[in-house]
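S.K.: This is the structure I want to talk about, given as structure tokens.
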């Protein structure tokens, strides 16, 4: 008899700050889509690097990459990604490898393309 084991999946909404997006639209006008696309591409590259650095255990480079991610995500109002990147950095600063791995996994999940369907804009969001 063959049994199918379904592993639990976690979904978490990635929230964008409406006020930040609105300010970017005012600042960039018709070029806002190009600006946001470039930022999202850079975020995607950093998330890929986080995966590599977690596997390698290079905490110094991971800390720098998460600092970059925090800055990029903050620039476009991705509050949830900011919080996740900061959590990884806090775990590194505390020397807590278990928390670093858990927070790193969360950051990867939030930055994975399958999470795009879970992105939302909330007015006054500060996730």
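The values are calculated or read from the model by the stated rules, or taken from the named source; none is laboratory data. Bear in mind the structure is a predicted one, so any value in this text is a computation, not a measurement. With ideal geometry, Cβ positions are generated from the backbone for all residues, glycine too; neighbour counts draw on all protein chains shown.
S.K.: Taking the criterion of being over 23 Å from residue 102 (Cβ atoms) and either within 16 Å of the chain's Cα centre (by Cα) or crowded, with 21+ Cβ neighbours inside 10 Å (or both), would at least one residue in segment 61-75 satisfy it?
M.R.: Taking segment 61-75 and keeping what is over 23 Å from residue 102 (Cβ atoms), we get 75.
Narrowing the set further to residues that are either within 16 Å of the chain's Cα centre (by Cα) or crowded, with 21+ Cβ neighbours inside 10 Å (or both) leaves 75.
Checking segment 61-75: at least one residue is over 23 Å from residue 102 (Cβ atoms) and either within 16 Å of the chain's Cα centre (by Cα) or crowded, with 21+ Cβ neighbours inside 10 Å (or both).
S.K.: Would you check which residues across segment 60-92 are out of contact with any helix residue (DSSP H, G or I) (no Cβ under 7 Å at 6 or more places or on another chain) and not in a helix (DSSP H, G or I) and list them?
M.R.: Within segment 60-92, 78 is the sole residue that qualifies.
S.K.: Restricting attention to segment 35-54, and to residues there that are modelled with pLDDT under 95 and out of contact with any helix residue (DSSP H, G or I) (no Cβ under 8 Å at 6 or more places or on another chain), which single residue is surrounded by the most Cβ atoms within 10 Å (Cβ to Cβ)?
M.R.: 40
S.K.: Could you tell me which numbered condition residue 69 fails, if it satisfies all but one of (1) modelled with pLDDT of 95 or more; (2) over 23 Å from residue 22 (Cα atoms)?
M.R.: (2)
S.K.: Let me ask something additional. Does residue 21 satisfy being touching a strand residue (DSSP E or B) at 6+ places or on another chain (Cβ under 8 Å), surrounded by 14 or more Cβ atoms within 10 Å (Cβ to Cβ), in a helix (DSSP H, G or I) and touching a residue at least 12 places away in the same chain (Cβ under 8 Å)? It would help to see each step written out before you state the result.
M.R.: Numbers: touching a strand residue (DSSP E or B) at 6+ places or on another chain (Cβ under 8 Å): yes; surrounded by 14 or more Cβ atoms within 10 Å (Cβ to Cβ): yes; in a helix (DSSP H, G or I): yes; touching a residue at least 12 places away in the same chain (Cβ under 8 Å): yes.
Yes; evaluated as a whole, the condition is true for this residue.
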